Amino acid sequence: MKILFTCKEFPHAKIIGGPIIIYNRLKYFSRNHLVSLAAFSKEEDKEYIPEVKPFCHDLQLVSLPPRRPTLKTVRDFFFSPVPHYFLRVHGSQQMAATIADMVRKDRYDFVIAEYSVMGQFIHRNPLLPPVRRVMSVHECYYLARRKAFRLNAFGPAKLQEAINLKGLKKYEFEMYWNADKVLTLTPQGKDELLEICPELDISVVPHGVDVENFSFSEFTEKEKIIVFVGNYLHYPNVDAVLYFYQEIWPRVRSRLPDVRFIIVGQAPPPEIQNLSEDEAIIVTGRVDDVRSFLRKGRVFICPVRLGGGFRGKILEAMAIGRPVVSTSLGAQGVPVLQRENIIVADTPDEFAQGVLDVMNDDPLFERIRQKARKMVEEKYAWEKGVQIMEEVLERMLKERPLPNSKEQSK
């Protein structure tokens, strides 16, 4: 098969967050298929090109477009068919042309929009030759923004979410409906989309983890450390840290005074950086390897309240052998066995108690980490997810590509 992946960020082995999925899909698909990549990138991404290029028949990087002029932003907000939420960072005619040129040159069997925001470049793109178009939905933006709108109290944040929601549902689900296939990371994600549009053709292709790279390790640290890992350009991770610090951390600290909290990941905003004023909290910023930080922790937390999709960070912590305490949303997609392979808690009191239990109960700590590692090995090694996706695409090869817009077929 010949597959063109497209991504909103340049995916490489050191990246934290969702793009690690695309990196591993490139890596494993390239063993048996011709794969290429078109991705947005920043100047600092150039150092990682050598580790990705060997997987790619063709690699095209497009600079993120400059900040759009206010007048154009306002005009597009009211009149563009593409919603503001898609255009605000990723509105790019260059990317649309790049993808079309790549398809025209190498006649791919599939072009895969990794993340819904990339769907705008393969949906109704008049430059794009006939090709099977796949929407890989890491999270449904409409559902994520609606959730954030409902969570926020009246004020600037709620107003911003109202702006983000304008036109989003109509455009996003029109993209999905017009695609040859929609992929989700979890069965829950599939059900959420079908509840809104039952006609969608959806397959579930799960997240994964490199079980050899994230090897199971003994816990030798004497300090009581809590760890969270996130890409803070993705706001649900910012909200998760602030929610934990404001609502849960005081409950834990009052009963475990010597506990420490390490916040790992790129681009922490000022409100997270300022947490390091607490001498028990470390904010690392970007790191080249999260494994050493995961190993330091006695417990990994995922107090996520916003967004959707699957949190690969949970699999990485489980693979290394660190018990996870998570909200239900954070654990979405994981076969949860409460207090056997994870602790799920949705109130501050329950979450704090879960953290304290893992900190203080050695048999519980050992049981959770052993069973979580076994589950990850059996269900989430990268090869398994790639095999599922490969089978989905091979079945699609038997059908001709749909027109760029289904209305054209009437």
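Summary table
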| item | result |
| --- | --- |
| Whole-Å distance, taken between Cα centres, linking the range 277-313 and the range 357-407 | 21 Å |
| Karplus-derived HN-Hα couplings along the range 127-142 (A = 6.51, B = -1.76, C = 1.60, θ = phi - 60°), whole Hz, x at Gly and Pro | 7, 7, x, x, 6, 6, 9, 10, 9, 9, 8, 6, 7, 7, 5, 4 |
| Phi-based couplings in Hz for the range 80-89 (Karplus 6.51, -1.76, 1.60; Gly and Pro marked x) | 6, x, 7, x, 3, 4, 7, 7, 4, 10 |
| Estimated FRET transfer efficiency (Ala162, Ala97; beta-carbon r; R0 30 Å; 0.05) | 0.40 |
| Reachable lysines from Lys296, criterion Cα separation under 20 angstrom, eight or more residues apart if same chain | Lys14, Lys222, Lys224, Lys313, Lys371 |
| Integer Hz, Karplus 6.51/-1.76/1.60 couplings in order for the range 208-221, x for Gly and Pro | x, 8, 7, 5, 7, 5, 9, 7, 5, 9, 6, 9, 10, 5 |
| Computed magnitude of the charge dipole of the range 225-380 (debye, nearest 20; Cβ of K, R +1, Cβ of D, E -1) | 480 debye |
| For the range 1-29 versus the range 67-146, the gap between their alpha-carbon centres in whole angstrom | 17 Å |
| Extension gain from Ile196 to Ile388, taking 0.36 nm per residue of separation minus the Cα-Cα distance | 66.6 nm |
| Residue-averaged [θ]222 nm for the chain, counting only DSSP H segments that reach four residues, each worth -39500 (n - 2.57) | -12000 deg cm²/dmol |
| Options Tyr245, Asn274, Gly330, ranked by Cα towards positive dipole end of the range 225-380, top entry (Cβ charges) | Gly330 |
| Positive dipole terminus of the chain, leading residue within Leu128, Cys197, Gln353 (C-beta point charges) | Leu128 |
| Crossing angle, helix 382-396 versus the chain [Cα axis fit, 0-90 degrees, rounded to tens] | 20 degrees |
| Check: the chain dipole with +1 on Lys, Arg Cβ and -1 on Asp, Glu Cβ, in debye | 1020 debye |
| Distance between modelled label sites at Leu34 and Phe78, nm, 7 Å Cα→Cβ extension | 4.8 nm |
| Under-5 Å amide H pairs with Ser41, H placed in peptide plane, nonlocal only | Val62, Ser63, Leu64 |
| The range 337-410: C-alpha gyration tensor shape, a/c 1.5 cut-off, then a/b vs b/c | oblate |
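No lab work stands behind these numbers, since they all come straight from the coordinates. Treat the numbers as computed from the prediction; the structure is a model and nothing was measured. Neighbour counts are summed over all protein chains in view; Cβ atoms, including those assigned to glycine, are modelled from backbone coordinates with ideal geometry.
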